[in-house]
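To start, the structure under review is shown below, and the notes come after it.
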Amino acid sequence: MQITVTVNGERYTRGVEPRLLLVHFLRDDLGLTGTHWGCDTSNCGVCAVWLDGAPVKSCTVLAVMADGHEVRTVEGLAHGAELDPVQQGFVACHGLQCGFCTPGMMMTARWLLDHDPDPSEEDIREAVSGQLCRCTGYENIVRSIRWAAEHGGAARPAEEDAGREEVRT
Amino acid sequence: MQVPATFQYARATGVEHAIELLTRYGPEARLVAGGHSLLPMMKLRLAQPEALIDINGLDELTRIRVDGGELAVGAMVRHAGLLASAVVGEHFPVLRDAERMIADPLVRNRGTVGGSLCQADPSEDLSAAFCALRATLVAQGPDGRRVVPVREFFLGPYETVLGEAELLLEVRVPIRSHASAYRKVERRAGDWAVAAAAAVLELSGGVVTEAGIGLTAVGAPRFVAEEAERYLCGGPPDEERFAEAGRVAGEECRPSADQRGPVDYKRHLAAELTVRALRAAAARAQGQEA
């Protein structure tokens, strides 16, 4: 069936089988391979993307369920050439080793900071509790998200980008 | 790569339309809500429906309302919505306690209250919590609406009284002066329960006038420890009575040994978690947070 999904602000119309999972739609049909594909069982969370403004595990959502809805992936995190503070935090605090869990971790981190600009370590651990780091690099992931909170990471929702550009220039 | 077998897909635009689609596609059709139980089962071929009827567009089922002294939770309310609800937190801490320990935040953003109940997984948390609260369920099918007490809803693992073309609309719980709590032991964060207990206490003049004890993952018929509930009524809400109620609950449930533990361990957990949930509910009744 034909579906139209808005991904990172751009509308994509494709014909898909109903059984196609959202993660494969993003990676294989749209070529957005920043979203990783891991356990297939909604345990590991590497496939986390936003669906209508909240992070979900895209291995457990059908692409047809996203028809007419908005998806945000890690490709939609940076603001032009400027990395999102969450991305900067992962750079500054060595928040990734192999990088496999990183896109999912950052999407959840972005959502957390949009809703809680000053999360405690416990809040951060709870927020990413559905996501696994196979390098067991959790300490640095938590530090990276705290870094983002402390470096202007709080208020950067995508929809405010236009207005923000004016402030920056 | 785990992929479901092929199926037909139809999107319902309203409750009547969902019932019409269920009738049209027949007994091999399934409703899909959050899909966080059904889709994994379809990938493993534990479920192979011929058609999926998507009810995610049914906005009329996404509300949490207070209606005539009752809390009404729409079947399509996401777990995250129930957890975030102020009215739920104020009147039904047992639901808030349970939601904090259901899966993880990302799964809670997608999974639904109605889907959890209709899946009838024998280790599901809200089933025990709503049974302890003596909730009622409103369902609609081709023959109209009906109200089913939640304690009569579950026929057994993965089986409910809902008919083939019937769908759950909402869960209703009277708002009363009771105190409540939920306690769970899991192997790791976000896992299904090894065992869990829900306690609801109505107190008057230093005596328990009504008790609700829900148990999950330990084979309690209809998620309830009825003997322990009967024992508690008419006595004081004290440690001695709670210990005995826990002992009764541990004996009346019927756990099975599996990868989460042997039978005697699960009976021990059922007893101990019943005591802890009762203790926490009693503390809340006295205005202490527990």
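The values are calculated or read from the model by the stated rules, or taken from the named source; none is laboratory data. What you see is a predicted model, and the numbers here were worked out from it, not measured in a lab. Methodologically, a virtual Cβ is constructed for each residue, glycine included, from the backbone with ideal geometry; neighbour enumeration extends over all protein chains shown. Only protein heavy atoms, including side chains, enter the accessible area calculation; ligands, DNA and RNA are left aside. Shrake-Rupley method; radii C 1.70, N 1.55, O 1.52, S 1.80 Å.
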ask   = Is it the case that segment A:128-138 has a residue that's in contact with a Lys or Arg (Cβ under 8 Å, 6 or more places away or on another chain) and at pLDDT 95 or above?
value = yes
query = Got at least one residue in segment B:95-112 being surrounded by 18 or more Cβ atoms within 10 Å (Cβ to Cβ), of a type outside the set (D, E, K, R), free of Cβ contacts under 8 Å to residues at least 12 places away in the same chain and touching a strand residue (DSSP E or B) at 6+ places or on another chain (Cβ under 9 Å)?
reply = yes
task = May I ask you to list pairs of residues, at least six apart or on different chains, whose Cβ atoms are under 6 Å apart, with the first in segment B:154-174 being within 22 Å of B:Arg78 (Cα to Cα) and without any contact (Cβ under 8 Å) to a residue 40 or more places away in the chain and the second being assigned to a loop (DSSP other than H, G, I, E, B) and open to solvent by 20 Å² or more (accessible area, probe 1.4 Å)?
result = none
query = Here are A:Gly9, A:Gly34, A:Gly53: which of them is open to solvent by 30 Å² or more (accessible area, probe 1.4 Å) and more than 10 Å from chain B (Cβ to nearest Cβ)?
reply = A:Gly9
ask   = Which of the residues belonging to segment A:36-78 are more than 17 Å from B:Leu39 (Cβ to Cβ) and of a type in the set (S, T, N, Q)?
value = A:Thr73
request  = Please go through segment B:52-75 and pick out each residue that is part of a strand (DSSP E or B) and open to solvent by less than 10 Å² (accessible area, probe 1.4 Å).
outcome  = B:Leu52, B:Ile53, B:Asp54, B:Leu71, B:Ala72, B:Val73, B:Gly74
query = Taking helices (runs of 4 or more DSSP H) that do not extend beyond segment B:187-290, which have at least 2 residues that are among the basic types (Lys, Arg)?
reply = B:239-252, B:263-285
query = Has segment A:102-114 got at least one residue that is within 20 Å of A:Tyr12 (Cα to Cα), polar (S, T, N, Q) and open to solvent by less than 10 Å² (accessible area, probe 1.4 Å)?
reply = no
query = Given (1) more than 29 Å from B:Ala217 (Cβ to Cβ); (2) more than 12 Å from chain A (Cβ to nearest Cβ), where does B:Ile53 come up short, assuming only one miss?
reply = (2)
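Tally time: how many residues in segment B:26-50 are over 16 Å from B:Met1 (Cβ atoms) and open to solvent by 90 Å² or more (accessible area, probe 1.4 Å)?
Of the residues in segment B:26-50, the ones over 16 Å from B:Met1 (Cβ atoms) are B:26-38, B:41, B:46-50.
Subset that is open to solvent by 90 Å² or more (accessible area, probe 1.4 Å): B:30, B:46, B:48, B:50.
Final tally of qualifying residues: 4.
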Flag for A:Leu62 being closer than 16 Å to A:Trp37 by Cα, in contact with a Pro (Cβ under 7 Å, 6 or more places away or on another chain) and not small (Gly, Ala, Ser) = yes
message = Given the condition within 15 Å of B:Lys184 (Cβ to Cβ) and either at pLDDT below 95 or buried (at least 23 other Cβ atoms within 10 Å of the Cβ) (or both), answer yes or no: does some residue in segment B:255-266 qualify?
response = yes
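So in segment B:1-19, with the set limited to residues that are of a type in the set (S, T, N, Q) and in a loop (DSSP other than H, G, I, E, B), which one is farthest from the other protein chains (Cβ to nearest Cβ)?
Applying the first criterion (of a type in the set (S, T, N, Q)) to segment B:1-19 yields B:2, B:6, B:8, B:13.
Those still in the list that are in a loop (DSSP other than H, G, I, E, B) too: B:2, B:6, B:13.
On the way: B:Gln2: 4, B:Thr6: 6, B:Thr13: 12 Å.
If we take residues in segment B:1-19 being of a type in the set (S, T, N, Q) and in a loop (DSSP other than H, G, I, E, B), then B:Thr13 is farthest from the other protein chains (Cβ to nearest Cβ).
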query = List pairs: first in segment B:197-217 and free of Cβ contacts under 8 Å to residues at least 12 places away in the same chain, second open to solvent by less than 10 Å² (accessible area, probe 1.4 Å), Cβ under 7 Å, 6+ apart or cross-chain?
reply = none
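Could you identify the single residue in A:Glu126, A:Glu122 that is surrounded by fewer than 16 Cβ atoms within 10 Å (Cβ to Cβ) and either outside the structural domain of A:His151 (by TED's automatic domain parsing) or assigned to a helix (DSSP H, G or I) (or both)?
Working: A:Glu126 fails: surrounded by fewer than 16 Cβ atoms within 10 Å (Cβ to Cβ).
Selected residue: A:Glu122, the only one of A:Glu126, A:Glu122 that is surrounded by fewer than 16 Cβ atoms within 10 Å (Cβ to Cβ) and either outside the structural domain of A:His151 (by TED's automatic domain parsing) or assigned to a helix (DSSP H, G or I) (or both).
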